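Here's the structure we're looking at; comments come further down.
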2 protein chains.
Amino acid sequence: MSALKGATAPIYFGPFTVTPQVFHITPLTFALVNLKPILPGHVLVSPRRVVPRVTDLTPAETSDLFLTVRRVGRMVERVYGATSLNIAIQDGVHAGQSVPHVHAHIIPRKAADLDHAGGMDAVYDLLDGDEGDLGRAFKKVVPTEGHDQSTEAVNQNAASSGRRSRFPIVDNDARKPREEDDMRAEADMLAREMENEPLD
Amino acid sequence: MSALKGATAPIYFGPFTVTPQVFHITPLTFALVNLKPILPGHVLVSPRRVVPRVTDLTPAETSDLFLTVRRVGRMVERVYGATSLNIAIQDGVHAGQSVPHVHAHIIPRKAADLDHAGGMDAVYDLLDGDEGDLGRAFKKVVPTEGHDQSTEAVNQNAASSGRRSRFPIVDNDARKPREEDDMRAEADMLAREMENEPLD
């Protein structure tokens, strides 16, 4: 079941079926809530077509992706009471990409929001450590269906990236993968908020 | 003097005149070499219009900015022999933005390129620490001219951001701001490479 009215075809994030987590969709792009958000409102925006690199996108896909990043970013900043956004793409395995499907992280920020975790820039440690490892996180929880990219490819990707664990101290309870019900509820809420968000 | 044929009007990055560092320009966007690159080929892409936030961009500016990010990213990945790219925007002061003018960092990556500095994810420590503080770096070296945003605003921005110094060990010599001649030579080289880069 999807948060989106009338959406029926499954939506893939790499090899994973993420339909219940998707809160916004355009002809070329979708946005989904995160299994292990680094901060409240940390969401992902991806092209509908499963391609690993930004250069693999068509110009139309590139424009639509970033127009969606801009609009979704404005929405989560408002809804989560933030004042800034980190926008980051790990474009390729040597940049830390763990799921071989282009995705922009959008992370709402406010003053002192990561003081407990080591300060403002701890967002990057979180993003790039095990806690932000989307490949590993999705593999554990989200059911997959038949698709042309295997979880093996994701695992190989993560293994060859040589990622290191460098975390500041965080509340472990808060970092557990969320239940699917929680994610669906958040996706429903954000889908409604997107309807209120100006197009431009 | 500019690396760009026929470009005469000064180009601003926040309050700074960066014309000699600019290697690519479109009607809405420009790309410049960096004063203190974190890795070889670390460049910035900005809208021509000096606005602080992504949401301040028009849809046309947003599309052009990211089509330019895609094309410049492909070029620097090729020219610097990289295999991946980090693409990051600090969108607002609480996300670590130090110059109040939208800018995407593009950082070419390859295997083991930051092993000397603490590993793959050290790129973010470098990006967000003093070494990556564009406001402070540009203030030291690049001459400014009359413009509607003051360096005071930049300094206030950096001061209020509460940024912390968390650096891995790096070669100090390699981290000094570059001479303007070096930057102009790199901008000339990259301007020529952009002429060879397919439009799509």
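Average partner chain C-beta neighbours within 10 Å, per residue of A:52-58? It would help to have the intermediate numbers written out before the result.
Working: counts 1, 6, 9, 6, 1, 3, 1.
Rounded to a whole number, the mean comes out at 4.
Shielding by partners for B:75-83, please: the mean number of other protein chain Cβ atoms within 10 Å of each residue's Cβ. Mind dumping the intermediate values first?
Numbers: counts 0, 0, 4, 0, 0, 0, 0, 3, 4.
Averaged over the peptide's residues, the number is 1.
Lys and Arg at +1, Asp and Glu at -1: add these up for the other residues within a Cβ distance under 9 Å of A:G92 and post the number.
Residues close to A:G92 contribute a combined charge of 0.
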Q. Which far-off residues, 5 or more places away or on another chain, put their amide H under 5 Å from the one on A:F30, with H placed in the peptide plane?
A. A:S46, A:R48
Q. In peptide B:92-101, what is the residue-averaged number of other protein chain Cβ atoms found within 10 Å of each Cβ?
A. 5
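How large is the Kirkwood hydrodynamic radius of the stretch A:59-122, counting all unique pairs of alpha carbons, in Å?
Details: mean 1/r = 0.0755 Å⁻¹.
Kirkwood radius, the stretch A:59-122: 13.2 Å.
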**Q.** Debye equation applied to the C-alpha atoms of the stretch B:1-125, log10 I(q)/I(0) at 0.09, 0.13, 0.17 Å⁻¹
**A.** -0.25, -0.52, -0.89
**Q.** Amide proton proximity set for B:H42, modelled H, under 5 Å, gap of 5+
**A.** none
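A short reminder: the numbers here are calculations on the coordinates, not readings from a lab. For clarity, every value in this text was computed on a predicted model and none was experimentally measured. Cβ atoms come from the backbone with ideal geometry, glycine included; neighbour counts cover every protein chain shown.
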